[in-house]
Amino acid sequence: MHISLSQSIPIAIAVVAAGVQAFTLRILNQRKLRSEFPVFFRYSVICIAAYAISLIPFIFFCPQFFYIYWVLTPITMVFEFAVLYELLVNALKPYSALIDLGKMLFRWAAVFLVLAALLTAFATTGTGTHKLTAASELLQRTVRLMQCGLLLLFFGLEKRLGLTWRTHSMSIALGMGIYAGVDLSTTYLIDRLPAMTAFFEIFANLVYLGAASLWAYSLAKPEPVRSNVLESPRRLIFQRWNEALLTHSVRGEMAFAAGGMESFLPGVEQTVERVLARKIVQ
């Protein structure tokens, strides 16, 4: 079996990336970080399996590889979506009420993604293969946009959250966000310049290899001590929101149970007013 240069490069990248991901799993186990990032640990396992499966068409003739790939892609996207939530929770550790709010928002986002994928599949004309491809591509691009958004969120709120880019959650978010941006860009360029498809795909794979190497390097290093923003003399917006949500959580649940949506919306308005009032006083 003869393998051309254009085929050998993706194979080499996949083998190296699988090795880096396996090294990351070892670090997570040795440094007892698996309990802190359980979803990311499972995501790394899925990535290694994806690399192994991606080698099938280069080694064996497998007509069903197309279906295997487009089934594996949604599974990977689901885990990447879960990793986003895990990173957000890790960044908001001091703010229990904000974590609960983020959990609710992520649940609604997951429902929206599933509905959007199903509607896209039903609205797409053609065979079942075309429907599956359209739904998978929508899910993939939406999760990529969310990864870019999380990276921008961390960029803007790095100091307010008391984090540095050497922390594990920030490093993982940095790698995911950069790769997501590159993947979205190369997907757009492939549609415009199909003759350079092989180059763009190799470039995107190299960027992911760099992101995986960043994860391994960051997790192997001791995490710097996080500054406690709750003890800071300057009251931050996150602290004000967290306190307002904590004081309003019980009342909001009781009001919602008693009056439904009509009483829930005024409760949200009262929470916002309480946060703004505290900001003015300070």
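The values are calculated or read from the model by the stated rules, or taken from the named source; none is laboratory data. Only a predicted model underlies this, so the values are computations on that prediction, with no experimental measurement involved. Please note: Cβ atoms are built from the backbone with ideal geometry, for glycine as well, and neighbour counts cover all protein chains shown.
Taking residues in the range 198-219 that are in contact (Cβ under 8 Å) with a residue 24 or more places away in the chain and within 12 Å of VAL182 (Cα to Cα), and partners anywhere that are assigned to a helix (DSSP H, G or I) and of a type outside the set (A, V, I, L, M), the pairs with Cβ atoms closer than 6 Å and at least 6 places apart or on different chains are ALA204/ASP183; ALA204/THR186; VAL207/TYR179; TYR208/TYR179; ALA211/GLY175; ALA211/TYR179. Taken over the range 21-48, the criterion of being surrounded by 15 or more Cβ atoms within 10 Å (Cβ to Cβ) and either farther than 19 Å from GLU80 by Cα or over 19 Å from the mean Cα position of the chain (by Cα) (or both) is satisfied by ALA22, PHE23, ILE27, ARG31. Tally up the residues in the range 15-44 that are among the hydrophobic types (A, V, I, L, M, F, W, C), touching a residue at least 24 places away in the same chain (Cβ under 8 Å) and closer than 23 Å to THR73 by Cα, please. Residues in the range 15-44 being among the hydrophobic types (A, V, I, L, M, F, W, C), touching a residue at least 24 places away in the same chain (Cβ under 8 Å) and closer than 23 Å to THR73 by Cα: 10 in total. Counting only residues that are under 19 Å from TYR51 (Cβ atoms) and either aromatic (Phe, Trp, Tyr) or surrounded by fewer than 18 Cβ atoms within 10 Å (Cβ to Cβ) (or both), the range 210-221 holds 3 of them. Taken across the range 166-187, residues that are at pLDDT below 85, in the same structural domain as PRO10 (by TED's automatic domain parsing) and assigned to a helix (DSSP H, G or I) do not occur at all.
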